[in-house]
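Shown next, in structure tokens, is the structure this report addresses.
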Amino acid sequence: KLNTENKFLIYGDNALDLLTKRDEELFEIFTVQNIEALRKKIKLRNLKLLVELKRVDFTSSLKEEERFKCSINLLLNGAKVPLSILFKHSESYERWVKIEENTFAPAPSGSLRSLKALLASLDPNYEFKNSITAEVSSAQAVSLLLYDQEKIVVNNDDEKLQSIKKKLSTFRKIRKVPVPKGFKGRLRSYQREGLNWLVFLNEFGFSGILADEMGLGKTVQTLALLQFLKERGEAEGRKRRPSLVIAPTSVLRNWYSEAKRFVPNLKVLVFAGKDREEMFEALHNYDLVITSYALLRRDKVLLSSISWEYVILDEAQHIKNYQTTTARVVKALTARYRLALSGTPTENRPLELWSLFDFLMPGYLGSRLVFQQTVEKPLLEDGENSAVTNLIVKKIYPFILRRTKKEVESSLPPKVESEICVPMEDEQREIYRKILHDSRIKVFNQVAKYGIKRASLHILAALTKLRQVCNHPLSLEDWQSWAEEGVKDRSIKSGKFEAFKEVINEALSADRKIVVFCQFLKMMEIMKGWFREEGINFLYLDGSTQNRQELISQFNQDRECPIFLISLKAGGLGINLTSADTVILYDPWWNPAVEDQAIDRTHRIGQKNKVIIYKLLTENSVEERINSLKSKKKQLSEAFLSTSSPTLNLTKRDLERLFSFY
């Protein structure tokens, strides 16, 4: 700081850094006078934080978790002194501790703020204590071991803790486990490492966050873990308790489908629908129970009465706000292990991370108020450069595994495809059933009168209307004639559109470039309206667009425009969108070649990133039925895209399936 006499005033930490030659650059630029005389007045001392850990012996059969007695003392030149010395003058100093007049010592961790965060997580009254004695979990004990350094000395002779520390020092030391025999599929190398890590956490009784970027297979890795534990339990002759997955409503069906595909030996139940109370009686017969956050809130009494093996949160950011009913209900569940799946564990503020750990390992990051004061406040004030950043990273990194697409690029396939099957909303389902009932009568009357081929136009018109309802009831021109009296636009929702919003938000949080393909212009208007409401930049291209190439160039070059919404007719061919790494096929195309053409707009020569493709389907609908038929019925696929009068080579049985009620 320059005063009126053209002299620099240096005080506090900077003055002590200068006197102890910490600021070497200053001595290279300036000649500093009288510094030796000042140095003679300053006395330097050595402060160390001594942390001692001892295993607690207990006999209670109710207490499954291992506990450790943690004692923390402050040593001044080897002699114990009160911890409160550290903070008497903390308002004036951050990197130094003032012991008495003209007597200083470097802060043991290099920062008093990080020391406050460390000590406050063990005892909120740390500032007034001579020493701290607390009982900690094995996870907290491990995190303390990671601070073992010159100024923070951790004494511990527990072989198990030392073994965990060594394994955490490098990921490669974690034991490799075999892919379970009952897993039907191939785990890529990074997914096998993920399985190793999940098993490691399980063996030592820890919970954690699998935070892989979207599209890297968090679901598959979790299913592999559950199959591994089932087989290990059977080999050891013991039955495991059921595990519970809580997921957004839009992905319940996807979890079930993935489980049936990859781990068919697991007994899986989707805990949804009107018969949940009857289902509840048989839950203990299943290996895996899948339910939604919405249903959990309704069934909290039932589901909280069970002791689960695992409680697994998919899209765990649903509990990032500790004040919500969802967060409170989730944290009240009883489980031996807990696992969170989220590509974005924290989105807006550090307290969201605290809420996740409050579910995983309550108390691990201290109380909420302590965390806000000693961790969140300095992080928000100083950003990534805060001394607290290093502390919190050390504390949480053993229990978070995150890989990005770029990190695992060598083991990723050229394309990663994911099918998301979504249930309808209640009002949407009612409209669908009414149109299906009406269409079924008309279609079968036409077929009886003219035959299937001559009734093709009527069949396609009916199927198109049903597909529009699957997209969103509001995409129907006459939706009000099918809805209950008095229903307003705003109250009509689409299960698929809600899932679409979730995929978009997660992709945007991962800084993705997204291409959305949709066949129906009315549906695209609904999408555009939502983008505008949310303030999301997007480009739009349909058959009437004149400046196609200008828009394509803008999308490929402008990082501030993350979404390109394109109609099938306009964008299926002839454009290059290699800047995008995410494709959303909003409504399925019955001809696989057409889907491939759309995907090839991004996945082509010049593409430097792997491309993730999301195909959205509506559960228990005509979309599912045609999807199952399309590989066998190529003419059906071609008919949907033909501009001439189509004919359908369908059997009566095919029609019965297409226009059937579930």
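List of remarks:
- Qualifying residue in region 277-287 (condition: more than 15 Å from the chain's Cα centre (by Cα), in a helix (DSSP H, G or I), charged (D, E, K, R) and modelled with pLDDT under 95): yes
- Selection status of VAL289, touching a helix residue (DSSP H, G or I) at 6+ places or on another chain (Cβ under 7 Å) and buried (at least 22 other Cβ atoms within 10 Å of the Cβ): yes
- Residue that is modelled with the lowest pLDDT, among those in region 599-631 that are more than 11 Å from ALA580 (Cα to Cα) and assigned to a helix (DSSP H, G or I): LEU629
- ILE392 vs. criteria under 22 Å from ILE164 (Cβ atoms), in the same structural domain as LEU226 (by TED's automatic domain parsing), at pLDDT 85 or above and crowded, with 17+ Cβ neighbours inside 10 Å: no
- When residues in region 102-119 are screened for being closer than 29 Å to TYR337 by Cα and under 28 Å from the mean Cα position of the chain (by Cα), 2 of them pass.
- Here the condition is being under 16 Å from GLN519 (Cβ atoms) and either modelled with pLDDT of 65 or more or of a type in the set (Ser, Thr, Tyr) (or both); of LEU585, LEU573, it holds for LEU585 alone.
- Subset tally (residues that are small (Gly, Ala, Ser) and assigned to a loop (DSSP other than H, G, I, E, B)) for region 81-104: 2
- The one condition in (1) surrounded by 13 or more Cβ atoms within 10 Å (Cβ to Cβ); (2) within 16 Å of ALA507 (Cβ to Cβ); (3) not hydroxyl-bearing (Ser, Thr, Tyr) that MET524 fails to fulfil: (2)
- The single condition from (1) part of a loop (DSSP other than H, G, I, E, B); (2) of a type in the set (S, T, N, Q); (3) under 21 Å from ASP314 (Cα atoms) that SER257 fails is (1).
- Any chance ALA105 is modelled with pLDDT of 75 or more, among the small types (Gly, Ala, Ser) and over 25 Å from LYS151 (Cβ atoms): no
- Residue match in region 128-151 (condition: in a helix (DSSP H, G or I), more than 16 Å from GLU52 (Cα to Cα), in contact with a Lys or Arg (Cβ under 8 Å, 6 or more places away or on another chain) and not β-branched (Val, Ile, Thr)): no
- Conditions (1) surrounded by 18 or more Cβ atoms within 10 Å (Cβ to Cβ); (2) aliphatic (A, V, I, L, M); (3) within 33 Å of the chain's Cα centre (by Cα); number of the one not met by ALA134: (1)
- SER92 crowded, with 17+ Cβ neighbours inside 10 Å and in contact with a helix residue (DSSP H, G or I) (Cβ under 8 Å, 6 or more places away or on another chain): no
- Cβ-Cβ under 6 Å pairs, at least 6 apart or on other chains, region 419-433 side over 12 Å from VAL469 (Cα atoms), far side of a type outside the set (Ser, Thr, Tyr) and part of a strand (DSSP E or B): GLU419/LYS615; ILE420/LEU616; CYS421/LEU617
For (1) charged (D, E, K, R); (2) in a loop (DSSP other than H, G, I, E, B); (3) surrounded by fewer than 22 Cβ atoms within 10 Å (Cβ to Cβ); (4) outside the structural domain of VAL583 (by TED's automatic domain parsing), each residue gets a yes or a no:
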position: VAL177; (1), (2), (3), (4): no, yes, yes, yes
position: GLU193; (1), (2), (3), (4): yes, no, yes, yes
position: LEU198; (1), (2), (3), (4): no, no, no, yes
position: LYS230; (1), (2), (3), (4): yes, no, no, yes
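- With respect to (1) in contact (Cβ under 8 Å) with a residue 12 or more places away in the chain; (2) outside any strand (DSSP E or B); (3) not charged (D, E, K, R), the lone exception for LEU269 is condition (2).
- From the list GLY237, GLY215, the lone residue that is crowded, with 17+ Cβ neighbours inside 10 Å and either within 23 Å of SER138 (Cβ to Cβ) or modelled with pLDDT under 95 (or both) is GLY215.
- VAL154 being under 18 Å from ARG55 (Cα atoms), in contact (Cβ under 8 Å) with a residue 12 or more places away in the chain and in a strand (DSSP E or B): yes
- Scanning region 490-510 for residues that are under 20 Å from the mean Cα position of the chain (by Cα) and free of Cβ contacts under 8 Å to residues at least 12 places away in the same chain gives a single hit, ASN505.
- Qualifying residue in region 140-157 (condition: within 11 Å of PHE68 (Cβ to Cβ), in contact with a Phe, Trp or Tyr (Cβ under 7 Å, 6 or more places away or on another chain), modelled with pLDDT of 75 or more and not assigned by TED's automatic domain parsing to the domain that holds LEU365): yes
- Of the numbered criteria (1) of a type in the set (D, E, K, R); (2) under 30 Å from VAL408 (Cβ atoms); (3) out of contact with any Lys or Arg (no Cβ under 8 Å at 6 or more places or on another chain); (4) surrounded by fewer than 16 Cβ atoms within 10 Å (Cβ to Cβ), the one ARG261 fails is (3).
- In region 539-565, the residues that are on the phi < 0 side of the Ramachandran plot form Cβ pairs under 7 Å with partners that are among the polar types (S, T, N, Q) and part of a helix (DSSP H, G or I), at six or more places apart or across chains, as follows: LEU539/GLN554; CYS561/GLN554.
- Filtered by the rule that a residue be at pLDDT below 75, surrounded by 13 or more Cβ atoms within 10 Å (Cβ to Cβ) and closer than 20 Å to PHE104 by Cα, region 14-53 gives ARG22, ASP23.
The values are calculated or read from the model by the stated rules, or taken from the named source; none is laboratory data. Values in this document were obtained by computation on a predicted structure and should not be read as measured data. Positions of Cβ are generated from backbone atoms using ideal geometry, with glycine treated the same way; all protein chains shown enter the neighbour counts.
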